[in-house]
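Step one of this worksheet: look at the structure below.
The values are calculated or read from the model by the stated rules, or taken from the named source; none is laboratory data. Just so it is clear, the model here is predicted, and its values are computed rather than measured. Please note: Cβ atoms are built from the backbone with ideal geometry, for glycine as well, and neighbour counts cover all protein chains shown. Accessible surface areas use protein heavy atoms only, side chains included; no ligands, DNA or RNA. Shrake-Rupley method; radii C 1.70, N 1.55, O 1.52, S 1.80 Å.
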Amino acid sequence: MTELQIHKGLAGVTVDYTAVSKVNPDSNSLLYRGYPVQELAARCSFEEVAYLLWNGELPTAEQLTEFTRYERSHRSLPDNIIAAIDLLPLTAHPMDVGRTAVSVMGACHPLAADSSVDANMEKATSLFAAFPAVVAYDQRRRRNQPLVEPRDDLGYAANFLWMTFGDEAPAEVVNAFNVSMILYAEHSFNASTFAARVITSTLADLHSAVTGAIGALKGPLHGGANEAVMHTFEEIGIRKDESEEEAASRAKAWMEDALAQKKKVMGFGHRVYKNGDSRVPTMKAALDAMIAYYGRDEILGLYSGLERAMDEAKSIKPNLDYPAGPTYHLMGFDTEMFTPLFIAARITGWTAHIMEQVASNSLIRPLSAYNGPDERHLS
Ligand code: COA
């Protein structure tokens, strides 16, 4: 009899093929449809990357014009979505608001039950176009500010910032935000994408799969880590007038204490990458640009103090959430909005995987090994 093997957490298990992206921990690389993510982040808009993930190729100029026209005309939130958001208390976490909004969008979509290629492409594109308004409106209502309507003369990143803050962001900030969206867009069979594929494999609709994926993303071992990173910075204390060196030394002491207490420090470590996350250098450059733009050297001190202390003690490297958290903080987003920003980006990857799953479906239904009581009977 062959010995039963349990793959706890599915670690190391290859469950299917995908042509959407390739994560290679040995070469420390990440390819979207064959293109290194660093090249895409340096040269493309997030709209082009969304198109690439869904269609397998970057758009021609004509295709981009058509795609952009469609995306810009679907940015406004319909009244019923605004009403659904308004029903939720301000005590609800913004991830719950995002999850609920997507669920309501699905329930109201005229093609809700249609999972044909055309219907799914339409649903993916309109969700991609409208979700930023959910995040922007949710942050504004929490600050007692009125909704800001989208602008169709701005690209995705610039419009997202416009709807959130009500003024036009400078090019440096738009660029860093665009880079973050591209880096967050896709990462093969991570927990939320796998959740989306499991749901899709039952022939449930696209919005159901995205709603479930948002639930998986919320946890601090996955997307919730970018928010948790900022809580760490806040716990250490962000002191605007402090020098980089002073902040680094306080951060180092905090990390040594946390590790002595065997705490897991969010923003570090990765299930697949063991020698550093391929996306971190590009996101760190975007963070550096924001630190320089806003003149906030103490953030760099906290960042490098924690990173160095973790490396010295455990050789565990930061993941993408580590530089992304403070970048969004500097841009002015509330900490609880960081993981919803991740949703906005990852809608592209999730829906690309959903469409791939539909195209070559097999119900995902693994086995379990029973270790409960032996068979027994009611007396
Ligand atoms: N802080 C402190 N120790 C960590 C750590 C972290 N962030 N990540 C891993 N470790 C340690 C574990 O304590 C464990 O040590 P041990 O063998 O002495 O018990 C070892 O490294 C292996 O960790 P494990 O959690 O089993 O590895 P994994 O592959 O299952 O974990 C993560 C991957 C992402 C879940 C894990 O690194 C983690 O929890 N990171 C923090 C959350 C996070 O940032 N998530 C975003 C991921 S993109």
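Data for the structure
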quantity: Helices (runs of 4 or more DSSP H) enclosed by the range 62-174 - at least 2 residues per element that are in contact (Cβ under 8 Å) with a residue 60 or more places away in the chain and surrounded by fewer than 22 Cβ atoms within 10 Å (Cβ to Cβ); calculated: 94-108, 117-142
quantity: Verdict on A247 being over 16 Å from the mean Cα position of the chain (by Cα), within 12 Å of the ligand (Cβ to nearest atom) and either more than 22 Å from E336 (Cβ to Cβ) or open to solvent by 70 Å² or more (accessible area, probe 1.4 Å) (or both); calculated: no
quantity: Entirely in the range 264-352, the helices (runs of 4 or more DSSP H) that have 1 or more residues that are away from the ligand (no atom under 12 Å from the Cβ) and at pLDDT below 95; calculated: none
quantity: Verdict on L363 being in a loop (DSSP other than H, G, I, E, B) and over 10 Å from the mean Cα position of the chain (by Cα); calculated: yes
quantity: Qualifying residue in the range 221-230 (condition: open to solvent by less than 10 Å² (accessible area, probe 1.4 Å) and over 28 Å from V15 (Cβ atoms)); calculated: yes
quantity: Any chance V179 is among the β-branched types (V, I, T) and not in a helix (DSSP H, G or I); calculated: no
quantity: Close pairs from the range 203-218: first in a helix (DSSP H, G or I), partner polar (S, T, N, Q) and open to solvent by 30 Å² or more (accessible area, probe 1.4 Å), Cβ under 6 Å, at least 6 apart; calculated: T211/S103
quantity: Lone unmet requirement of (1) in contact (Cβ under 8 Å) with a residue 40 or more places away in the chain; (2) open to solvent by 40 Å² or more (accessible area, probe 1.4 Å) for R197; calculated: (2)
